[in-house]
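These notes are about the structure you will find just below.
Every read-out reported here was derived from the displayed coordinates using simple, explicitly stated rules and does not represent laboratory data. Computed from a prediction, not measured in an experiment: that's the story for all the values here. All Cβ positions, glycine included, derive from the backbone under ideal geometry; neighbour counts span all protein chains shown.
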Amino acid sequence: MAKRFWRSAAFLASLLAVAAAGIAQQPAGAQQLGGAPGEIAPPIRIGAGDLVEVQMFENPDLSGRFRVDERGDITIPLLGAIHVVGETAEEAAVQIERRFVQAQILQPGESHATIFIAEYASQGITVTGEVRSAGVFPALGVRMLNDVISAAGGVNPTASSQLIITHKRDPEHRITVEYNPTALTPVIPQVQIFPGDTILVPRAGVIYAVGNINRPGVYVLDGRRPLTVEELMGLAGGTGHAAAVKRVQLVRTLDGGRREAITIPVNLIYKGRAPDVALIDGDILYVPTSTSKLITEQVINSAVGIGTSFAVYRVANQSQ
C-alpha cells in the first residue's frame, strides 16, 4: 500500500510540474527600496530622433516642428543646423534666441523662443513582467505610473502588488511602490514616470489547490505573512463529498528542482491536534477522495489545466 501511495504521489508531482511550468518565476535581484511618489520632475534632455516644436514669438514663419537627426541637430529656417542633443528645452530655446540675434535676423527684444519636446523617440518607457502587453511605450513627456500600466494593458492576475521602478537618471537605486487597483480599497500611487525609465511588474507567489475541493485553482500570495494549509482550505471553500482530509498531499519543490510529497492530516489541524503548515511559493495542495485510488481521471485532467483553465484567486493583504 505504501509503495503504491508513493508511486501515485510521484506521478501527481510529475504531472503538476509540467502544468505549472507555464507560469514564469519571479524576476530575481529586485531590491526592496522605499518609494518616493510625487517627486519633482528633473530636466529632460533632448535626444536623437526626438521631435522638437519651436515657437518664435511674433515670427510664425520661423516656427515649426523639427526632428533631431542622427548628429543631434535640428535645422531652423535661416539659421541652418543647430546642435541640441543633451540640452533641455529651455537651454535649446536660449541658444536659438542667441543665434537669431548673432545672425542679425532678429533684434534682442524680438528674439523670444519657446521649445516643447513633442515626442521623446529615443527615450521610451519600458514595461516588463506580469502585464498583458509588455514593451517600450512612447514617452510624450512625463507620465503617471497608472497611465503607463494601462497602456501596457494592465497587470495580469498573477502580478505582485509591488512594482519596481528604475529611473534612467539613477539606475543604481530602484524604487518599490505598492500598486493594486483591483483591491477593495484601490492602491494607485501618484508616481511620475520619466522618459527612459523602466517598470518591472514581478510575479507574486502562487499556490495551487487541486483535487476534491470546492474552488480548485491558483491562489496568488500577496499578504504580509505566509498562508497556511488551514487558511487555504478556507479560501478554497472547503472540501467536496468524500474528501480524504486525513491524507491531503502537499507537493513542494526543493532546492535543485526536486519535488517531494508530504502527507498533511488536515482533520487533525482542524481539531488543533496537529500544527498548521505554512505554504510557500510554488506549493501544490492536493485533496484526494476517500477511495482506494488516489489519482482519478478527473484530478489528472484538472492538474493538466493548472495555469490555463483554472481560476486565479488573489489573496488579500493580511495584517501582521
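So the values come out like this:
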{"read-out": "Filtered GluC sites (Glu not before Pro), region 149-239: DSSP coil and at most 10 other beta carbons within 10 Å", "value": "Glu172"}
{"read-out": "Cβ-based exposure ranking for Ser63, Ser150, Ser111, in which fewest neighbours within 10 Å come first", "value": "Ser150, Ser63, Ser111"}
{"read-out": "Estimated D of region 122-201 in µm² per second, where Rh is the Kirkwood radius over Cα pairs and Stokes-Einstein applies at 20 °C, 1.002 mPa s", "value": "171"}
{"read-out": "Estimated Rh, region 51-119: Kirkwood, alpha-carbon pairs, angstrom", "value": "11.8"}
{"read-out": "Length-normalised contact order for region 139-198 - Cα pairs under 8 Å, 6+ apart - percent", "value": "45"}
{"read-out": "Chymotrypsin sites (Phe, Trp or Tyr not before Pro) lying in DSSP loop within region 39-133, provided at most 15 other Cβ fall within 10 Å", "value": "Phe57"}
